[in-house]
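This report refers to the structure that appears directly beneath it.
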Amino acid sequence: MRKNENIARFSADKIRRKIARGESKTDWKRANAMSQVEVERLADKDEGPLAAGWESTVMVGLPPAKQDIHIRLDGDILDWFKARGRGYQTRINAVLRAFVQTRQRVERKPATRSRSHRAKEAT
């Protein structure tokens with residue numbers, strides 16, 4: 001994949017320094033004056049609304065460390081992920097994580113009933 005020359009990468013610290021020097025092209029006064037409702041409306045307009053239940057996919061804290069492995073995938077599957085650009089391995093990991101989390105929810109055993117609840121049923 002050809003590198004896009006229009007993309008600039010900066011660390012968070014370098015961005016803060018650029019903003020402090022007034023080198024930002026963002027209208028920060030306007031951005032900071034926006035209400036949360038307005039920000040969400042604009043985000044929905046640009047990206048579409050968030051899927052229902054998206055909150056359950058949030059991982060709090062650092063993700064587990066990655067492990068180097070060798071995995072054999074069908075060529076068409078790998079081609080599909082690669083065709084969507086950089087980060088295809090991260091996307092494959094995200095798909096696998098979503099599958100595992102779904103299976104974990106399905107496979108959870110129902111909560112066991114308390115002794116007092118079972119005793120009431122027996123009478």
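The values are calculated or read from the model by the stated rules, or taken from the named source; none is laboratory data. Bear in mind the structure is a predicted one, so any value in this text is a computation, not a measurement. Here Cβ is always computed from backbone atoms with ideal geometry, including for glycine, and neighbour counts include all displayed protein chains. Areas reflect the complete protein model, heavy atoms only, side chains present, ligands, DNA and RNA absent. Shrake-Rupley method; radii C 1.70, N 1.55, O 1.52, S 1.80 Å.
Among all residues of the range 40-51, there is at least one that is modelled with pLDDT under 85, open to solvent by less than 80 Å² (accessible area, probe 1.4 Å) and not polar (S, T, N, Q). Residues that are in contact (Cβ under 8 Å) with a residue 24 or more places away in the chain, farther than 30 Å from THR102 by Cα and either of a type in the set (D, E, K, R) or not in a helix (DSSP H, G or I) (or both) are absent from the range 37-56 altogether. For LEU62, indicate whether it is surrounded by 10 or more Cβ atoms within 10 Å (Cβ to Cβ) and within 21 Å of the chain's Cα centre (by Cα). No. For the range 10-35, the set of residues classified as among the charged types (D, E, K, R), modelled with pLDDT of 85 or more and open to solvent by 70 Å² or more (accessible area, probe 1.4 Å) consists of ASP13, LYS14, ARG16, ARG17, ARG21, GLU23, ASP27, LYS29, ARG30, listed by residue number.
Among the residues of the range 68-84, is any closer than 23 Å to ILE15 by Cβ and surrounded by 10 or more Cβ atoms within 10 Å (Cβ to Cβ)? Within the range 68-84 (the criterion being closer than 23 Å to ILE15 by Cβ and surrounded by 10 or more Cβ atoms within 10 Å (Cβ to Cβ)), the answer is no, since none of the residues qualifies.
For ARG115, indicate whether it is modelled with pLDDT of 90 or more and of a type in the set (D, E, K, R). Spelling it out, it is not the case that ARG115 is modelled with pLDDT of 90 or more and of a type in the set (D, E, K, R).
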